[in-house]
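Engineer: Can you keep this structure in mind? I'll have questions shortly.
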Amino acid sequence: MLTEIRWHGRGGLGVVTAAELVAYASILKGYYALAFPEFGAERRGAPVTAYNRISDRVLSDRSPVLEPDIVVVLDPTMVRRETLRGLKRGGLVVANATKKPRELAELLGPEYRYATVDATRIALEIFRLPIVNTVMTAALATAAGIVDVDHLLEAVRARFSERVAKLNELAIRRAYESVEVA
């Protein structure tokens, strides 16, 4: 089993941290996992791509994921056809969007599966900032089933201070309840 994930977002949204949390949660679940970023200009608001490889075998390949099984989009302005380049037919798109999954299918094509969550709204309600990374990890966990929420929560507790972890736990639980999958 090998699952490859490509994350798209902008600097400041937590793209790299999201990939790292998913890798750690995968390891907690008993898999081998890698998380690694690809940067252009390193500044807030610049496009950022990160990758995960998750497997039941030892991994060492850190080359960009060109044909992902899953694409996760943290920035709603990046939910477009170009972002899905290389996504395998039948692959999963997990998007921060106010649109429903069927609306994305009409917009981007029926050859993929879709999951949506209004991550920006949840992040603003909880953090008062549009940092959507943990919200999107929960949406991925719900839609793909690669990692589960309990392992994500454990990864969050290991990564953040107690106060920040509690806020992120709330965001994860809210996203878990709010994600729509089709």
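Engineer: Considering only the stretch 1-59, how many residues are out of contact with any Phe, Trp or Tyr (no Cβ under 6 Å at 6 or more places or on another chain), closer than 27 Å to residue 90 by Cβ and of a type in the set (S, T, N, Q)?
Structural biologist: Counting residues in the stretch 1-59 that are out of contact with any Phe, Trp or Tyr (no Cβ under 6 Å at 6 or more places or on another chain), closer than 27 Å to residue 90 by Cβ and of a type in the set (S, T, N, Q) gives 4.
Engineer: Still on this structure: Give the stretch 88-104 a look and list any residue that's without any contact (Cβ under 8 Å) to a residue 40 or more places away in the chain, surrounded by 12 or more Cβ atoms within 10 Å (Cβ to Cβ) and not hydroxyl-bearing (Ser, Thr, Tyr), or say none.
Structural biologist: 88, 91, 93, 95, 97, 99, 103, 104
Engineer: Across the stretch 171-182, what is the total count of residues that are assigned to a helix (DSSP H, G or I) and either of a type outside the set (S, T, N, Q) or surrounded by 21 or more Cβ atoms within 10 Å (Cβ to Cβ) (or both)?
Structural biologist: Going through the stretch 171-182 one residue at a time, the tally reaches 7.
Engineer: Looking at (1) assigned to a strand (DSSP E or B); (2) under 19 Å from residue 117 (Cβ atoms); (3) polar (S, T, N, Q), which is the one condition that is false for residue 49?
Structural biologist: (2)
Engineer: Follow-up. Name the single residue, out of those in the stretch 149-170 being among the aliphatic types (A, V, I, L, M) and touching a helix residue (DSSP H, G or I) at 6+ places or on another chain (Cβ under 6 Å), that is surrounded by the fewest Cβ atoms within 10 Å (Cβ to Cβ).
Structural biologist: Per the criteria, the residue is 170.
Engineer: Right, another one. Does the stretch 114-125 hold any residues that are buried (at least 17 other Cβ atoms within 10 Å of the Cβ) and either at positive phi or acidic (Asp, Glu) (or both), and which are they?
Structural biologist: 118
Engineer: Restricting to the stretch 125-155, count the residues that are among the β-branched types (Val, Ile, Thr) and out of contact with any Lys or Arg (no Cβ under 9 Å at 6 or more places or on another chain).
Structural biologist: The number of residues fulfilling the criteria is 5.
Engineer: List every residue pair whose Cβ atoms lie under 7 Å apart, where the two residues are 6 or more positions apart in sequence or sit on different chains, the first residue falls within the stretch 126-154 and is within 19 Å of residue 3 (Cα to Cα) and touching a residue at least 40 places away in the same chain (Cβ under 8 Å), and the second residue, located anywhere, is in a helix (DSSP H, G or I) and of a type in the set (S, T, N, Q).
Structural biologist: Qualifying pairs under 7 Å: 146/26; 147/26; 152/137.
Engineer: Please go through the stretch 72-120 and give me each residue that is part of a loop (DSSP other than H, G, I, E, B), closer than 17 Å to residue 15 by Cα and either in contact with a Ser or Thr (Cβ under 8 Å, 6 or more places away or on another chain) or among the aromatic types (Phe, Trp, Tyr) (or both), ordered by number.
Structural biologist: Matches in the stretch 72-120: 97, 118.
Engineer: Here is a follow-up. Say we look at the stretch 126-148 and pick out the residues that are out of contact with any Leu (no Cβ under 8 Å at 6 or more places or on another chain) and under 9 Å from residue 175 (Cβ atoms); which of these is surrounded by the fewest Cβ atoms within 10 Å (Cβ to Cβ)?
Structural biologist: The extreme case among them is 142.
Engineer: For the stretch 1-30, which positions are without any contact (Cβ under 8 Å) to a residue 60 or more places away in the chain and in contact with a strand residue (DSSP E or B) (Cβ under 8 Å, 6 or more places away or on another chain)?
Structural biologist: Result: 1, 2, 11, 16, 19, 23, 27.
Engineer: I've got another one for you. Given the criterion farther than 12 Å from residue 147 by Cα and buried (at least 22 other Cβ atoms within 10 Å of the Cβ), identify the matching residue among 16, 22, 48.
Structural biologist: After applying the criteria, what remains is 48.
Values quoted throughout were computed directly from the atomic coordinates according to the rules given, and no laboratory measurement underlies them. Note that the structure is predicted; figures quoted are calculated from it, not measured. Heads up, the Cβs are rebuilt from the backbone with ideal geometry, glycines too, and the neighbour counts pull from every protein chain shown.
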